[in-house]
1. In nm, to one decimal, how far is the Lys296 label point from the Val51 one, both placed 7 Å along Cα→Cβ?
2. For the stretch 234-297, what is the accessible area per residue in Å², given a 1.4 Å probe and the full set of protein chains?
3. For a protection proxy built on the mean count of beta-carbon atoms within 10 angstrom, sort 187-195, 252-260 highest first, please.
4. Once the Cβ-Cβ distance between Ser248 and Lys143 is put in as r, and R0 is 41 Å, what FRET efficiency do you end up with, to the nearest 0.05?
5. Ignoring ligands, DNA and RNA, what accessible area per residue does the stretch 127-215 give at 1.4 Å, in Å²?
6. Of the accessible area of the stretch 124-281, with the probe set at 1.4 angstrom, what percent is carbon plus sulfur?
7. FRET efficiency for Glu223 and Trp264, Cβ-Cβ distance as r, R0 = 22 Å, nearest 0.05?
8. Can you work out the FRET efficiency for the pair Thr15 and Arg64, with r the C-beta to C-beta distance and R0 = 51 Å, to the nearest 0.05?
Amino acid sequence: MTDTTTITDTTQEVTEATQQAVKQVNQITQYLQDSIPGLITFGLEVLAALVAFFIGRLVIKWIRKIVRRSFERSEADKGVEQFVDSLLKYGLYGILIFCLISSLGFDTTSVAALLASSGVAIGLALQGSLSNFAGGVLILLLKPFVVGDYIIEDTNGKEGTVKEIQIFHTILATVDNRIIYVPNGALSSNAITNYSKQDMRRAEWVFGVEYGEDYEKVKAVLERIIAADERILTTPAPFIGLGALSASSVDIKVRVWTKTENYWDVYFDMNKIVYDTFNKEGIGFPFPQLTVHQAKD
């Protein structure tokens, strides 16, 4: 009797468990049947948004290309062209993403409110970036330098040729082919030396000769060297003068003017030519000397 009761109870439990499982399966099936149309619709919307995104990228590239060509035809400053292109890129991508969000069914009013409410926090977090953006605008308006100029940021000693002026940074290429990204805020607020701003640049040397050398002879040799170099300008006139009577040498100062693009070639060539010519003319270069006098007992 007991065995029969136990079997009956077990059968009832199995039946209840089976019914519960069937009920859950039916619920899941019904949920999927109710959700599948919505999932398919949402999937199609996401697919359409992706297609729209790639099409939008092509449109943005096309618009940027048209704007760049317009700047090239108008012969506008290269830095302004790069800055506007960078600003246009970020602005158009922002508009594209906002449109895609609205196409997916999100409430654009809520999104705009969220962006507005988070704008203050973002602004505080990006104070440096906003300062760099304002610095880039000032650079384009005041033009302390343009693309192609060789500059030195005096505070941190960063120097190089300006390759690009972006929204937040200015890109410099150094003489040893390194790329430096300098924040626009630093360039707009710190002292800058622009070596390319003027057409002419003055080169200066100090040549030391031995005591006892004929100053007029040395001066004549230097004048001949200067006159033979067509890159050295005659106006303003070159200057040669006795700069100082140093401990071991007579220092002769030479100053000449040349085109900015010829500065370094003239500077290094002059050093070599003076060295070779002085040796040929028998003009001695000094070296550190110390004269010792011995007192008699």
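The values are calculated or read from the model by the stated rules, or taken from the named source; none is laboratory data. Because the structure is predicted, anything quoted here is derived from the model rather than measured. When we count neighbours, we look across all protein chains shown, and the Cβ atoms used for this are built from the backbone with ideal geometry, even at glycine. Remember, those area values only see protein heavy atoms, side chains included, never the ligands or the DNA or RNA. Shrake-Rupley method; radii C 1.70, N 1.55, O 1.52, S 1.80 Å.
1. Once both label points are built, they end up 11.3 nm from each other.
2. Numbers: 4590 Å² over 64 residues.
Per-residue value: 72 Å².
3. Numbers: 187-195: 16.3, 252-260: 17.9.
Ranking, from highest mean packing down: 252-260, 187-195.
4. Working: r = 47 Å, r/R0 = 1.16.
After rounding to 0.05, the efficiency reads 0.30.
5. Numbers: 4790 Å² over 89 residues.
The answer is 54 Å² per residue.
6. Working: 4790 of 8980 Å².
Whole-percent figure for carbon plus sulfur exposure: 53.
7. Working: r = 23 Å, r/R0 = 1.02.
Efficiency, rounded to the nearest 0.05: 0.45.
8. Given R0 = 51 Å and the Cβ-Cβ separation, E is 0.10.
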